[in-house]
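The structure appears right after this line, and notes come after that.
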Amino acid sequence: MYEGAVQDLIDELGRLPGIGPKSAQRIAFHILEADETDMRSLAQAIITVKEKVKFCQICFNVSEEDTCHICRDRKRDESLICVVEESKDVLAIERTRSYRGRYHVLGGSINPIAGIGPDELHIRELLTRLSDEKIEEVILATDPNLEGEATATYLARILQAVGVKITRLASGLPVGGDLEYADEVTLGRAFEGRRSV
């Protein structure tokens, strides 16, 4: 353990997701050794993002304005909503350049162990959007893990009453992967989602 400010910095860095004690220590010492101007820029960027960035009033994506650039874009297909867990998922889908609809960010996934139920997510707001907007299809793009599957199943069940087409992103083998390294669930889904060639 270190004294004072160094240990405080290590402790704070260790609270970040994916940063363990060793990584926190390594980052802290990088900060100590780095140019002061660079570190002041980093600190200012953190302060600025906390002051300026908020969540879109429509889809809950991150934005510096009341509505994000995707919700303001009139060229987007307003009949499609892709439901994702986090804003970073929007970025991942946008990078594919194959989706031109709108989004709805839930703010997480159903996880009873962590105390996150449907009421902690932006599901009510999604239902409001479906009643107010002319939506023809809802694409469930939650993560292919236990929590994401639970969230997609829950959403599919409650959205059936709305009367819109509900689809789920396909899942299966990654490009460049080897069959021998695929787990049973992934390989099973690949067989279920096979298509004609």
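The values are calculated or read from the model by the stated rules, or taken from the named source; none is laboratory data. Everything numeric here is computed off the predicted structure, so don't read it as measured data. Neighbour counts run over all protein chains shown; Cβ positions are idealised from the backbone, glycine included.
Descriptive notes on the structure:
- Looking across ARG129, ARG194, ARG95, ARG100, one residue alone is exposed (fewer than 11 other Cβ atoms within 10 Å of the Cβ) and in the same structural domain as ASP73 (by TED's automatic domain parsing). It is ARG95.
- Only a single criterion out of (1) over 30 Å from CYS71 (Cα atoms); (2) out of contact with any Asp or Glu (no Cβ under 9 Å at 6 or more places or on another chain) is not satisfied by VAL49, namely (1).
- Taken as a whole, the stretch 3-13 holds no residue that is farther than 26 Å from LEU155 by Cβ and touching a Gly at 6+ places or on another chain (Cβ under 9 Å).
- Helices (runs of 4 or more DSSP H) wholly inside the stretch 1-87 containing at least 2 residues that are at negative phi and among the polar types (S, T, N, Q): 21-33, 36-52
- Filtered by the rule that a residue be of a type in the set (S, T, N, Q) and either touching a residue at least 40 places away in the same chain (Cβ under 8 Å) or within 29 Å of THR167 (Cα to Cα) (or both), the stretch 39-90 gives GLN57, ASN61, SER63, THR67, SER79, SER87.
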